[in-house]
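Structure, as structure tokens:
Values quoted throughout were computed directly from the atomic coordinates according to the rules given, and no laboratory measurement underlies them. Computed from a predicted model, the values in this text were never measured in an experiment. Here the Cβ is made from the backbone with ideal geometry for all residues, glycine too, and neighbour counts use every protein chain on show.
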Amino acid sequence: MPELPEVESVARQLRPRMVGRRITAVWWDPQSRFTDIGEAAGRDVSELRRRGKYMLALLQADGRVDLELVMHLGMTGAFRFRGDGWVPDVYVRATLTLDDAILDFRDVRRFGRLTVVPAGDYATIATLAHLGPEPLGPQFQPDQFHAALARSRMSVKAQLLSQRPVAGVGNIYADEALWRARINPRARRIGRERAARLWEAIRAVLREAIEREGTTFRDYQMINGESGRNATFLVAYGQYGRPCPRCGETLRRILVAGRGTTYCPRCQRS
DNA sequence: CTAACTACCTGAACGC
DNA sequence: TGCGTTCAGGTAGTTA
């Protein structure tokens, strides 16, 4: 379940090996739900950005950026360069041939997506088009975050997962941040003070996870095939049945927005 | 429009 | 040991 820290770690490794290269050919599994990425062929990658859980490769032809390759890892997506101890297997769903390397996109569960859009035009990708601010960027501010949460009547966890109040938070870091901020995942009205606490918790949890290059349970790998080191630091996500490290109460597992959710019934009361 | 629900996908874990 | 069932979860599409 790659979320912002995992995608950031992948982007950091991908960037130096993609930017400045020409995509000479592309292949994708016709059975995948990828839209056509054929337009990427023959273009140069001028920049690799990350927005939330998306990676965006700016593509230029004749020195002008006109297209964008949008990449999402979904649940099990990973990029690997041929060589590097990596040999392609049956789960490779797309291949980008660069002028000096071959890059495979491997995705066991096929939840990942690659698609080419006109530069900056995300009309066909609703989540990206309505994506909230970067949690570690200057646009993400406590008051604005409070106002964004107040605009919806969904539970706070469902809102985080929607990517609208803030970009890049998924199931793992939502549970971690809500635990840290002592907010019940089902809470629907979040006051200014608690919004500010959650704002801080999201930033802290993501910053720490990025330092450890993400959380690996099973599938997430970086370009070099290595795992992230954050899994052993998780306090809430998947820790149900264990005592809360803060108050000792047994952490409970519930379903929120259709997702497994772990929280502390004592210190995350409301 | 909003919010809730479901499908997608496949290996791992579980139950008998 | 073997086989069937359930679970995980980000997003898109559908429904109310």
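How many percent of the alpha carbon pairs in segment A:107-209 exceed a separation of 25 Å?
Values: 1212 of 5253 pairs.
Across segment A:107-209, Cα pairs with separations above 25 Å total 23 percent.
Take the alpha carbon atoms of segment A:1-31, find their center, do the same for segment A:175-213, and report the distance between the two centers in whole angstrom.
About 29 Å separates the Cα centre of segment A:1-31 from the one of segment A:175-213.
Relative to the compact globular guide of 2.2 N^0.38 Å, what is the alpha carbon radius of gyration of segment A:1-86, as a ratio?
On the way: Rg = 13.0 Å, N = 86, 2.2 N^0.38 = 12.0 Å.
The value comes to 1.09.
Ranked from highest to lowest mean number of other Cβ atoms within 10 Å per residue, what is the order of the peptides A:65-75, A:156-166? Don't jump to the answer; show the numbers that get you there.
Numbers: A:65-75: 19.5, A:156-166: 22.5.
Answer by packing, highest mean first, reads A:156-166, A:65-75.
Out of A:Q31, A:Q239, A:Q221, any idea which swings most in a Gaussian network model of chain A, alpha carbons joined below 10 Å?
A:Q31
Jot down the radius of gyration and Dmax of segment A:170-270, Cα atoms only, both in angstrom.
Cα radius of gyration and Dmax of segment A:170-270 are 13.9, 43 Å respectively.
Could you list, bin by bin from short to long, the percent of Cα-Cα pairs of segment A:39-158 in 10 Å steps?
11, 34, 32, 16, 6, 0
Please give the FRET efficiency for A:T232 paired with A:Y91, using the beta carbon to beta carbon distance and R0 = 30 Å, rounded to the nearest 0.05. Could you put the intermediate results ahead of the total?
On the way: r = 27 Å, r/R0 = 0.89.
Computed FRET efficiency for A:T232 and A:Y91 comes out at 0.65.
Once phi is turned into ³J(HN,Hα) by the Karplus curve 6.51 cos²θ - 1.76 cosθ + 1.60 with θ = phi - 60°, what whole-Hz value does each residue of segment A:96-109 show in order, with x for glycine and proline?
10, 8, 9, 5, 10, 6, 10, 10, 9, 10, 9, 7, 4, 8
With the cut-off at 24 Å, report for chain A the share of all Cα pairs above it, as a whole percent.
Working: 18246 of 36315 pairs.
Considering chain A, 50 percent of its Cα-Cα pairs are separated by more than 24 Å.
Rounded to the nearest 20 debye, what is the charge dipole size of chain A about its Cα centre when +1 sits on each Lys and Arg Cβ and -1 on each Asp and Glu Cβ? Show your work: numbers first, answer last.
Details: 43 positive and 30 negative charges, 339 e Å.
With Lys and Arg at +1 and Asp and Glu at -1, about 1620 debye.
Using packing as a proxy for protection, rank A:131-137, A:223-229 so that the peptide with the highest average count of other Cβ atoms within 10 Å comes first. Could you put the intermediate results ahead of the total?
Working: A:131-137: 17.9, A:223-229: 15.4.
The most tightly packed comes first, giving A:131-137, A:223-229.
Taking amide H atoms as placed 1.01 Å from N in the peptide plane, list the residues 5 or more away in sequence, or in a different chain, whose amide H sits under 5 Å from that of A:F111.
So A:F111 has HN proximity to A:M75, A:T76.
Taking θ = phi - 60°, what integer Hz values does the Karplus form 6.51 cos²θ - 1.76 cosθ + 1.60 yield along segment A:191-205, in sequence order, with x for Gly and Pro?
Going residue by residue, I get x, 4, 5, 5, 4, 5, 5, 5, 3, 5, 5, 4, 5, 5, 4 Hz, with x marking Gly and Pro.
What nm value, rounded to one decimal, do you get for the distance between A:E208 and A:Q144 when each label is placed 7 Å out toward the C-beta?
2.6 nm
Separation between the A:Q13 and A:S270 pseudo-spin-labels, each 7 Å from Cα along Cα→Cβ, expressed in nm?
Between A:Q13 and A:S270, the simple spin-label model gives 4.6 nm.
Whole Å is fine, so just give me how far the alpha carbon centre of segment A:105-167 lies from that of segment A:241-269.
25 Å
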